[in-house]
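Notes follow once the structure below has been shown.
Every number in this text was worked out from the coordinates using simple rules, so none of it is lab data. The model shown is predicted, which means the values in this text are computed figures rather than measured ones. Methodologically, a virtual Cβ is constructed for each residue, glycine included, from the backbone with ideal geometry; neighbour enumeration extends over all protein chains shown.
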There are 2 protein chains.
Amino acid sequence: MTTIQHAIQDDYPDSFAHCYGCGRLNEEGHQFRTGWEGDQTVTYHKPEEKYTAIPGFVYGGFLASIIDCHGTGSASLALHRKNGHKPGDGVEAPRFVTASLEVKFTRPTPQGTLIKAVGQVEEVRENKFKTEIDVYAGEERVASGSVVAVVMPDNFAK
Amino acid sequence: MTTIQHAIQDDYPDSFAHCYGCGRLNEEGHQFRTGWEGDQTVTYHKPEEKYTAIPGFVYGGFLASIIDCHGTGSASLALHRKNGHKPGDGVEAPRFVTASLEVKFTRPTPQGTLIKAVGQVEEVRENKFKTEIDVYAGEERVASGSVVAVVMPDNFAK
């Protein structure tokens with residue numbers, strides 16, 4: 001499987017659906033889609049060619065972006081599951097923001113290849129989740145990282 | 001001062017000037033410009049509005065990108081200086097790739113504000129540099145991070 005049928009981003013409220021990385025309403029962005037595959041979280045995406053590092057290879061900032069949004073998406077999936085819900089059941093998903101992001105770049109990432117981010121998410125305390133993420137280009141792991149995400153405070157945008 | 005007159009990216013060879021973050025030849029990218037201000041390295045940039053997290057606030061992946069390219073640019077500046085050169089003197093700058101990237105997001109980043117990344121770069125071993133970076137939106141620090149960058153291996157893209 002290389003697509004996500006029920007993505008957590010489909011269940012974000014409209015006000016949280018404009019993210020350049022994963023907002024379904026941001027027509028200029030990546031529109032990452034993150035869902036469960038068993039107990040792992042997965043995002044698939046083929047980046048546009050403009051996201052270049054050097055010609056023929058994918059921009060590291062793109063990989064940081066997919067890791068970041070995969071992390072917030074994984075946290076939302078995990079809390080939603082804890083609350084008894086799953087993507088597509090019609091219940092609005094909880095909104096997270098990134099507290100910290102770490103990326104290790106292990107290999108150059110060829111362009112024109114499907115990118116897959118795979119995450120293991122765990123709750124580290126109430127409303128705070130950490131996701132360990134591996135990123136593959138085809139069969140090859142090209143980066144790994146982690147994201148700590150917290151439920152968006154009510155006063156975040158105030 | 002809020003612009004960089006002599007950016008290290010001006011002295012990258014054409015083959016390294018297509019980066020979505022800092023390539024002067026990537027017309028769809030950010031075209032970050034990084035230079036010295038005394039012994040600090042600085043990048044200024046006002047992100048386009050499409051780089052949204054939630055409406056009114058800058059996308060975290062954009063901040064990761066400016067930190068990433070600021071880190072490789074700072075490493076190149078530092079090695080270039082060590083070699084007796086400075087941006088604009090007509091000598092090609094050394095090319096770096098990111099080994100690892102860390103970002104802590106400390107505050108929401110309002111859109112429409114000039115972003116400034118400030119770095120302290122040090123050589124950790126031959127051909128390997130670490131830059132500690134603070135990112136400001138106007139006067140307020142919104143993120144901090146670090147980048148470990150290494151000279152691009154000759155066989156990088158092989």
Q: Assign unit charges at the C-beta atoms only (+1 for Lys and Arg, -1 for Asp and Glu), then state the dipole size of the protein assembly as shown relative to its Cα centre in Debye, rounded to the nearest 20.
A: 340
Q | In Hz, Karplus ³J(HN,Hα) per residue of the range A:69-75 (6.51, -1.76, 1.60; θ = phi - 60°; x = Gly, Pro) | A | 5, 5, x, 5, x, 5, 4
Q. Considering amide H positions built from the backbone, and no H for Pro or chain starts, which residues 5 or more places from A:T34, or on another chain, come under 5 Å of its amide H?
A. A:I8, A:Q9
(Q) Modelling each spin label as a point 7 Å along the Cα-to-Cβ direction, I'd like the A:D39/B:D154 distance in nm, to one decimal. (A) 4.8
Q. Going by how many other beta carbons lie within 10 Å of each one, how would you line up A:K116, B:K46, fewest first?
A. B:K46, A:K116
Q: Enumerate the calculated ³J(HN,Hα) couplings along the range A:36-46 in order (Karplus 6.51 cos²θ - 1.76 cosθ + 1.60, θ = phi - 60°), each rounded to whole Hz, writing x wherever the residue is Gly or Pro.
A: 7, 10, x, 9, 9, 9, 9, 10, 10, 6, 10
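Which of the pairs B:K46/B:K130; A:K128/B:K128; A:K116/B:K82; A:K50/A:K104; A:K50/A:K82; A:K104/B:K50 have their Cα atoms more than 29 Å apart in this structure? It would help to have the intermediate numbers written out before the result.
Numbers: B:K46/B:K130 25 Å; A:K128/B:K128 34 Å; A:K116/B:K82 40 Å; A:K50/A:K104 22 Å; A:K50/A:K82 38 Å; A:K104/B:K50 27 Å.
Listed pairs above 29 Å: A:K128/B:K128; A:K116/B:K82; A:K50/A:K82.
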Q. Do any GluC sites (Glu not before Pro) in the range A:94-158 lie in a loop, going by DSSP, with at most 16 other beta-carbon atoms within 10 Å of their beta carbon, and if so which?
A. A:E126, A:E139
Q.
For a bin width of 10 Å, list the pair-distance distribution of the protein assembly as shown built from all Cα-Cα distances, rounded to whole %.
A. 6, 29, 35, 21, 7, 1, 0
**Q.** Packing-based exposure ordering (other Cβ within 10 Å, fewest first) of B:D39, B:D10
**A.** B:D39, B:D10
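Please arrange B:V124, A:V58 by counting, for each residue, the other beta carbons lying within 10 Å of its beta carbon, fewest first. The partial results should precede the final answer.
Working: B:V124 11, A:V58 28.
Going from least to most buried by this count: B:V124, A:V58.
Relative contact order (percent) for the range B:93-158, with alpha-carbon contacts under 8 angstrom and 6 or more residues of separation? Don't skip to the answer; put the middle values down first.
Values: 121 pairs, mean separation 27.2, N = 66.
Normalised by residue count, the contact order of the range B:93-158 is 41 percent.
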Q. Counting only residues 5 or more places away or on other chains, whose amide H sits under 5 Å from the amide H of B:I115 once H atoms are built in the peptide plane?
A. B:H45, B:K46
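Any idea what the dipole of chain A comes to, in debye rounded to 20, about its Cα centre with Lys/Arg Cβ at +1 and Asp/Glu Cβ at -1?
Values: 16 positive and 21 negative charges, 48 e Å.
In total the dipole reaches around 220 debye.
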**Q.** Shape of the range A:1-142, Cα gyration tensor, a/c cut at 1.5
**A.** prolate
**Q.** B:K46-B:K86 pseudo-label distance in nm [points 7 Å out on the Cα-to-Cβ vector]
**A.** 2.8
Q) Per-residue HN-Hα couplings for the range A:92-107, Karplus 6.51 cos²θ - 1.76 cosθ + 1.60 at θ = phi - 60°, whole Hz, x for Gly and Pro? A) 4, 7, x, 9, 10, 10, 7, 8, 8, 9, 10, 9, 10, 9, 9, 8
Q. The range A:74-130 to the range B:73-89: how many Å between their Cα centroids?
A. 39
